[in-house]
1. Give me the percent relative contact order of the chain, please, defined on Cα pairs under 8 angstrom at least 6 residues apart.
2. Between residue 197 and residue 107, how high is the FRET efficiency from 1/(1 + (r/R0)^6) when r is the Cβ-Cβ distance and R₀ = 25 Å? Nearest 0.05.
3. When the chain is fully extended, how far beyond the present Cα-Cα distance does residue 93 get from residue 367, taking 0.36 nm per residue of separation?
4. With θ set to phi - 60°, apply the Karplus curve 6.51 cos²θ - 1.76 cosθ + 1.60 along region 33-38 and write out the HN-Hα couplings as whole Hz, x wherever there is a Gly or Pro.
5. Run the quick spin-label model on residue 187 and residue 72: label points 7 Å from Cα toward the beta carbon, then report their separation in nm to one decimal.
6. For the chain, just the Cα atoms, rotate onto the principal axes and tell me the three extents in Å, largest first.
7. Just checking the chain: which Cys have no other cysteine's beta-carbon under 4.7 Å?
8. Assigning unit charges at the beta carbon (Lys, Arg +1; Asp, Glu -1) and nothing else, what dipole magnitude in debye, to the nearest 20, does region 192-327 show about its Cα centre?
Amino acid sequence: MRADDVKPWALLLSKLRRSDDARVSYAEVMAAGAEPALMVRERVLEYGTDDGYEPAGCEHGCTPNLEYDRRKKDGLVGVACPNEPACWPGWIWVARTEVEGLRCQAKLVFAKLAAHNGLEPLTTAVPKPFLAVGLLRRRGLNVAVVWLRAPKLGFEQLCRGLRSDLGVDGMIVLVAKRPPTSLAATDRIVPFELTLDARGGMDLVRALEELTPDYRTRVVADQTLDLDYVKVRFATRPGDRHVLEINGHDFGGCRKSDLKFLRLLLLAAARKNGKDDGWIDKSRLRDGSDKDPALNDLRVDLAKYDLPGLSEEERKALLRVQRGEGLIRLGVPPENIEFDESLARLEFVATTTTVKKDGTKTKPTKKQEEGLQNAAVLLRDCRRLGAPGEADAVKTPSTRGRSTRSAT
């Protein structure tokens, strides 16, 4: 994760659980590994004031007396307890940034989270006490996502009325703590106690499971649907093997095959950054045959290697096909695809000789040369679609370069 991607999501959510317009100190943000100035520049937080500042060690919870001038050059503010007896004698000196703090507003934080989680804007106005988060287009449904920090009396009626006004197929109500409700499955409303991972993922799939309990059966047969409960991560260990993690598990296929790995990487890059929702012509897999050997090889590996929590049918369904159209795509939504920076070190160059363990040299076969050429083209296409590395930095196969292994 890049430094500028670091956001203290757990900290911000803890603040929003108590107030939709909360205060967070510079020290808290920095302790969470983030840069306050960057958070403000990216409009996640706003600069605040000293309103609501409570110094550590104050037993009264009162508004303290503040002295800004005496040690201004040191960037310090004096803090005194106004009560008698005081919690401490005289002044204590703290960093000015601790006193002034930052504003953590629900509307700004959830706008950033909506973008991270692939939500579209809600075009219909959402009345208070709800806060619009976004529209989730998933599983063939339009699902409104809203925030309601503290559900109160009449919660069910408010939710039913809002869903009717929005005209959506379902609604996810993000809450700080899930309340007991009388909502039924026919209401198509899910109160969802929000948690965030390190990247700001809201794990809305768990809420969707309540709206669509039969989805894992339907997704296998319907080529237009995504396995949105699957996350994939691509990486490589140069000179060793490739790494494809599916739901955090190291997938056994394509570890040693450059072409298989690059074909899956191309599908992932097209889905994450390409046009037409990730659909590409199968000819871009570069298998040179109308019998689809490359696609079939990928299917064989997906069926062969087990993955915890995924059936063979679900693994095979990761490759989606529009029959009769010659189009394919990866059946994973863009926000569930991750590219490791190690992919920038991938490189394929044709070679005139191969050195065996006994020191003898042999010329590459025609198949090996074609494999390296296809690998170079696939890698260039991947980088044009946003995989790590510069597209024009991929070396064109030549007779002067060398490769650590043949591409197969």
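The values are calculated or read from the model by the stated rules, or taken from the named source; none is laboratory data. Every value quoted in this text rests on a predicted model; they were computed, and no experiment measured them. With ideal geometry, Cβ positions are generated from the backbone for all residues, glycine too; neighbour counts draw on all protein chains shown. Protein only, heavy atoms only, side chains kept; ligands, DNA and RNA dropped before computing areas. Shrake-Rupley method; radii C 1.70, N 1.55, O 1.52, S 1.80 Å.
1. Relative contact order here is 11 percent.
2. Once the sixth-power term is evaluated, E becomes 0.70.
3. Value of the extension gain: 91.3 nm.
4. x, 10, 9, x, 4, 5
5. Calculated label separation equals 5.7 nm.
6. For the chain, the Cα extents along the three principal axes come out at 90, 58, 33 Å.
7. Flagged as lacking a Cys partner: 58, 62, 104, 159, 254, 382.
8. Here the size comes out at about 640 debye.
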